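Before any comments, here is the structure.
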Amino acid sequence: MRAFYLEHRNSERICIEFSFNQDYISKIKKIEGVRWSATLKAWHIPLQKECLEALKRIFPNIEIEDRLVRWAQENGLTQQIEPDQKEAILKADKIEKAQVKQVEVVCEGRTYQVIFDYNKADTSFVSGIQGSRYNEEDGYWEVPISSFNLKKLKTYFRDRMQLYSTELDMMNTEEDGRLLKKISDNLQPLSEEVKAMIVDYRRYMEYKGYSSSSISTYVGSIEMFLKFNHDKQVQDICNDDMIVYLKDYIQPRGMSFSYQNQLVSSARLFFKRVRGSKVITEQIERPRRTHKLPNVLSKKEVKAIIDNIRNKKHKALISLIYACGLRRSEVLKLRFRHIDSNRHVLLIIDAKGKKDRVVPISEKVIEMLREYYKEYTPEVYLFEGQKRGHPYSEESLKKVLEVAVKKARIYKPVTPHWLRHSYATHLLEAGTDLRYIQELLGHKSSRTTEIYTHVTDKSLQKIASPFDSL
């Protein structure tokens with residue numbers, strides 16, 4: 001049983017963590033101000049002297065988090081704390097004075113990868129989180145993804161914590177792809193030995209269950225890095241080589257933070273697989289994140305794009321992306337059995353992060369798809385290319401959209417993902433709860449969805465410029 005500091009709904013609380021026990025719950029309910037959080041799935045009490053005294057009186061052996069120990073000491077409750085817990089105050093102070101390096105928390109799959117330099121206090125905290133485990137092979141802690149665990153991590157690590165999300169890192173992928181084609185031609189080809197290492201690296205990622213897009217991005221970025229260092233043996237490449245590559249080659253050529261971050265993640269994974277490497281992967285620091293907003297079209301612009309498409313297949317394809325907020329890979333993998341016209345839902349199978357989800361689909365869109373099917377009668381996939389039974393290609397989808405955008409006289413570099421961003425933003429502007437939008441988009445972190453609050457004009461339009469009152 002543990003008690004730790006918690007900021008919940010703009011108030012300071014003491015959160016109580018324990019495995020389900022009805023007797024514990026009955027006792028906790030006797031503490032004044034106690035509340036149950038359905039979001040956090042935990043009991044919490046006010047951060048007050050009387051409440052902490054009551055908690056210690058009811059549960060004498062409860063483990064008190066370091067931050068609460070310091071708070072208790074400052075408020076004259078030292079006598080309520082066990083002797084071994086008093087020592088935690090000194091440990092925590094030593095950590096702060098030693099200026100411990102920042103802690104990286106990376107959202108990957110179903111876990112948070114918590115990466116930090118070893119110290120007893122941090123290790124004790126992370127290991128105490130329910131469901132956490134240490135990944136000996138890769139050298140970091142894995143914590144199950146949940147809003148509760150994320151709050152715990154933020155509360156404990158505070159300013160030391162840097163949160164990274166692979167979903168956010170895909171924001172600038174298309175622009176990066178165009179830039180990569182321009183800058184990769186000047187680099188030397190890889191030797192056969194290094195090519196074999198890359199093949200093994202790809203197989204390892206496939207074995208670990210990484211998505212095809214992640215594998216392509218990770219393998220491509222590490223190939224570029226190794227080509228840049230073609231004059232060195234892989235085992236001799238060190239952290240300084242990564243810094244030179246980022247600062248002198250990648251950053252001056254306009255590559256996004258997302259690409260740079262993926263490169264660091266790829267390098268860490270790759271060099272852990274290469275025996276004898278001098279790269280100490282935990283010491284490769286990530287570049288500072290840039291905060292870019294998603295590109296959004298107005299409803300008028302979306303309508304203009306769709307109205308300028310005459311081909312029924314192309315029109316249905318572009319319309320469905322916007323109507324359901326789909327990723328490009330998701331719409332191209334769809335089959336007719338994924339549409340439940342009776343329930344008016346669309347089933348997205350094996351999407352990003354190997355997750356399934358359900359999104360609503362209107363009768364208007366269903367009718368459009370029926371008209372399309374009567375004319376084209378696809379065999380396997382909802383949208384097929386020139387070869388029957390094979391899915392429509394990403395490149396063809398991109399070209400269809402480019403032509404429609406040009407006809408609509410919209411002078412913006414619109415991509416299919418812009419339609420997904422527009423779907424989310426327009427839902428938010430219509431008053432849809434952010435939590436529902438998160439589910440519809442298939443985001444595992446609410447932090448990813450919250451970025452749309454910065455581009456919605458629903459609230460911004462209510463703000464009057466001081467210029468207007470001159």
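The values are calculated or read from the model by the stated rules, or taken from the named source; none is laboratory data. Computed from a predicted model, the values in this text were never measured in an experiment. Virtual Cβ from ideal backbone geometry, glycine too; neighbours counted across all protein chains shown.
Within segment 409-447, the only residue that satisfies the criterion of being surrounded by fewer than 16 Cβ atoms within 10 Å (Cβ to Cβ) and either touching a His at 6+ places or on another chain (Cβ under 8 Å) or modelled with pLDDT of 90 or more (or both) is Arg409. Taken together, the residues in segment 1-40 that are among the acidic types (Asp, Glu) and closer than 19 Å to Lys151 by Cβ amount to 3. On inspection, Val365 does not qualify as over 23 Å from Asn311 (Cα atoms), outside the structural domain of Ser212 (by TED's automatic domain parsing) and of a type in the set (Val, Ile, Thr).
Looking only at segment 228-262, residues that are in a helix (DSSP H, G or I) and either farther than 21 Å from Ala196 by Cβ or touching a Pro at 6+ places or on another chain (Cβ under 7 Å) (or both) come to 20 in all. Residues in segment 367-393 that are farther than 14 Å from Leu334 by Cβ and charged (D, E, K, R): Glu367, Arg370, Glu371, Lys374, Glu375, Lys387, Arg388. Filtering Lys227, Lys181 for residues that are at pLDDT 80 or above, surrounded by fewer than 19 Cβ atoms within 10 Å (Cβ to Cβ) and among the basic types (Lys, Arg) leaves a single hit, Lys227. With the structure loaded, tell me whether Lys30 is at pLDDT below 80 and outside the structural domain of Ser266 (by TED's automatic domain parsing) or whether it fails that test. For Lys30, the condition - at pLDDT below 80 and outside the structural domain of Ser266 (by TED's automatic domain parsing) - is not met.
Considered as a group, the residues in segment 111-154 that are closer than 26 Å to Arg9 by Cβ and of a type in the set (Gly, Ala, Ser) include one that is surrounded by the fewest Cβ atoms within 10 Å (Cβ to Cβ), and that residue is Gly131.
Test Arg328 against the criterion of being exposed (fewer than 13 other Cβ atoms within 10 Å of the Cβ) and not β-branched (Val, Ile, Thr), and give yes or no. No; evaluated as a whole, the condition is false for this residue.
Quickly run through segment 118-135 and pick out the residues that are under 24 Å from the mean Cα position of the chain (by Cα), not polar (S, T, N, Q) and not in a helix (DSSP H, G or I). Result: Gly128, Ile129, Gly131, Arg133, Tyr134.
Counting the residues of segment 9-45 that are in contact with a strand residue (DSSP E or B) (Cβ under 6 Å, 6 or more places away or on another chain), surrounded by 16 or more Cβ atoms within 10 Å (Cβ to Cβ) and not small (Gly, Ala, Ser) gives 11. The listed residues are Gly389, Gly385, and the only one of them that is loosely packed, with under 12 Cβ neighbours inside 10 Å and assigned by TED's automatic domain parsing to the domain that holds Ser329 turns out to be Gly389.
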